[in-house]
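Below is one structure; the comments refer to it alone.
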Amino acid sequence: MNFNSFNTFGHWGVFETQEEKQIREQQEKEQKQQRKSQQQETESYEHTSKNREMENNEIDLLVTSLGLTSLVNEIGEDKNKEDVLKANDEKILEIVLESDEENEKESIDPTNLSEKKEEKEKDVKKEENPFIGPKPVEIENPLPLSIFKRRSVPLIDYLCQLHNCAFKELHVLFYNIEKRREIILHLQNQVQLRTSHLLPYKNFVIRCNDFTVQPASIVPAMGGYLNITVRGYYYVKHGIKLHHPYLPCLIEFGGGHHRSYYPLEVICVSKKINMNIENCTCVFKLLPGIQRFSSENFLKIARCGINTEYNPKRFHSIIMRIRHKHNRTTAALIFQSSKVVLTGVPNIRLARKMASIVLKRIEFSIREAKIQKFSELGIISLKVTNIVSSYRSMNRVTIELIYQEFRRRHKYDKLFEKITKVSYDPTIFPALRFKMNDDKFKREASCLIYISGRVILTGINSTKQVEYLFDNIILPLLVKFPRL
């Protein structure tokens, strides 16, 4: 059987019908027409381009032969205008491109090439030779220490700024005994140290008693119990890899022979050291002028009040207790004259809050007792009358010498000028008591100093006076008369 006849008409096993044949022929005709049209377009384009070239080359001959001077002049003027516009457009583009390039890259001047090379050489860091000692680096425009006192700063940066030295020279200072003592005294009396490797609410205050002679990579942690160094302990326990293990550790003395070691990288200077406000006393009135509660209404308020106590035989005022955080209580003494005394307020900022709580409770008791409402009930003339502040020194104090020095030369020494009265009798009371009077605040304050270094200051009504007396009188006394 001959299969070639099938190939002329279609694919294997399929015959081409008349309709399919007509469609195929039409498609072939359309393709031929498209090819012809494309060829004509290309020929016309080439012909027009050749004519333009001939016109440009032979324009002078046409003018002389035909005499069409006016038309040629118009054509020439139009072409000149187009050329001028093109030239202007090209210039504008060049200016824009140059301005963009100047913004991205500076213009290269042959005179500045040497200066740029020097700058690049300065920027390139040279490899340090480990066999040559580090050179001191000059610190330009050192920051004032007041900046460090306002916010928390790493201890290493603080010490570099304090002694105006480079970081590589810091480990040398700890081997100088005099500098070492200066650093310890400064950290004990001038600043407050806190840890920085824990969460913010878990960090705690540290006291600087001494520095280790050996670095953190050699000092044994936990008293040598685990045979691990301080460097390894912080890596295992806290996941901290010390970047400067050659620096010594800070020592904090505990009970007995216990010692706690802290690397310097883990400590920060939080703020300037100051006295802690333990509590304060505030006074205000509930009714204006001379108004007061009647005896019947006063008894009803005591009976219907919240957490109140009233025993006229013992004390002629209503005692209202307010509980707040850290198991502390504030007592409000409410008198019949509408005067209220708040005792045990933990901070001056909480005085207004405690007074508003007392006012709300009294309003509630008036409603419960069905007493006629007082239209003018409120917080009137709130004042802070007394602040009790305390401080714990790192060193013990020779209070006997302070008492003797005051009796000898209190008129000649500026340190004792503002101290008016001093009394010390260990058989009666174990602390040195003295009073301070300053013309700036016009209020007398009393102070107690114990041998252990504990200081208690009372009789003050503003935090500014606390800071002033502590910085100018109390702290210099503690530094000048340590018990060695």
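The values are calculated or read from the model by the stated rules, or taken from the named source; none is laboratory data. Keep in mind the model is a prediction, meaning the values are calculated, not measured. Cβ sites come from the backbone with ideal geometry, for glycine too, and all protein chains shown count toward neighbours.
The table that follows gives values for the structure above.
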{"quantity": "Total residues in the range 252-265, condition crowded, with 19+ Cβ neighbours inside 10 Å and out of contact with any helix residue (DSSP H, G or I) (no Cβ under 7 Å at 6 or more places or on another chain)", "calculated": "1"}
{"quantity": "Filter result for the condition that a residue is modelled with pLDDT of 95 or more, farther than 28 Å from LYS464 by Cα and either touching a helix residue (DSSP H, G or I) at 6+ places or on another chain (Cβ under 9 Å) or in a strand (DSSP E or B) (or both), over ILE319, ILE301, ILE371", "calculated": "ILE319"}
{"quantity": "Selection from the range 418-435 of residues that are in contact with a helix residue (DSSP H, G or I) (Cβ under 9 Å, 6 or more places away or on another chain) and modelled with pLDDT under 90", "calculated": "LYS418, ILE419"}
{"quantity": "THR42 being polar (S, T, N, Q), modelled with pLDDT of 70 or more and over 60 Å from the mean Cα position of the chain (by Cα)", "calculated": "yes"}
{"quantity": "Among the candidates TYR201, TYR235, residue that is among the hydroxyl-bearing types (Ser, Thr, Tyr), more than 22 Å from ARG180 (Cβ to Cβ) and either in a loop (DSSP other than H, G, I, E, B) or touching a helix residue (DSSP H, G or I) at 6+ places or on another chain (Cβ under 8 Å) (or both)", "calculated": "TYR201"}
{"quantity": "Selected residue (criterion: farthest from MET394 (Cα to Cα)) from residues of the range 432-464 that are free of Cβ contacts under 8 Å to residues at least 40 places away in the same chain and of a type in the set (Gly, Ala, Ser)", "calculated": "ALA445"}
{"quantity": "Residues that are touching a residue at least 12 places away in the same chain (Cβ under 8 Å) and not polar (S, T, N, Q), drawn from the range 411-431", "calculated": "LEU415, LYS418, ILE419, LYS421, VAL422, TYR424, PRO430, ALA431"}
{"quantity": "Qualifying residue in the range 404-416 (condition: under 41 Å from the mean Cα position of the chain (by Cα), more than 30 Å from ARG352 (Cβ to Cβ) and surrounded by 14 or more Cβ atoms within 10 Å (Cβ to Cβ))", "calculated": "yes"}
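Here's the yes/no breakdown for (1) of a type in the set (Val, Ile, Thr); (2) more than 30 Å from GLN465 (Cα to Cα); (3) surrounded by 14 or more Cβ atoms within 10 Å (Cβ to Cβ):
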residue: THR343; (1), (2), (3): yes, no, yes
residue: SER356; (1), (2), (3): no, no, no
residue: LYS360; (1), (2), (3): no, yes, no
residue: ARG367; (1), (2), (3): no, yes, no
residue: SER375; (1), (2), (3): no, yes, no
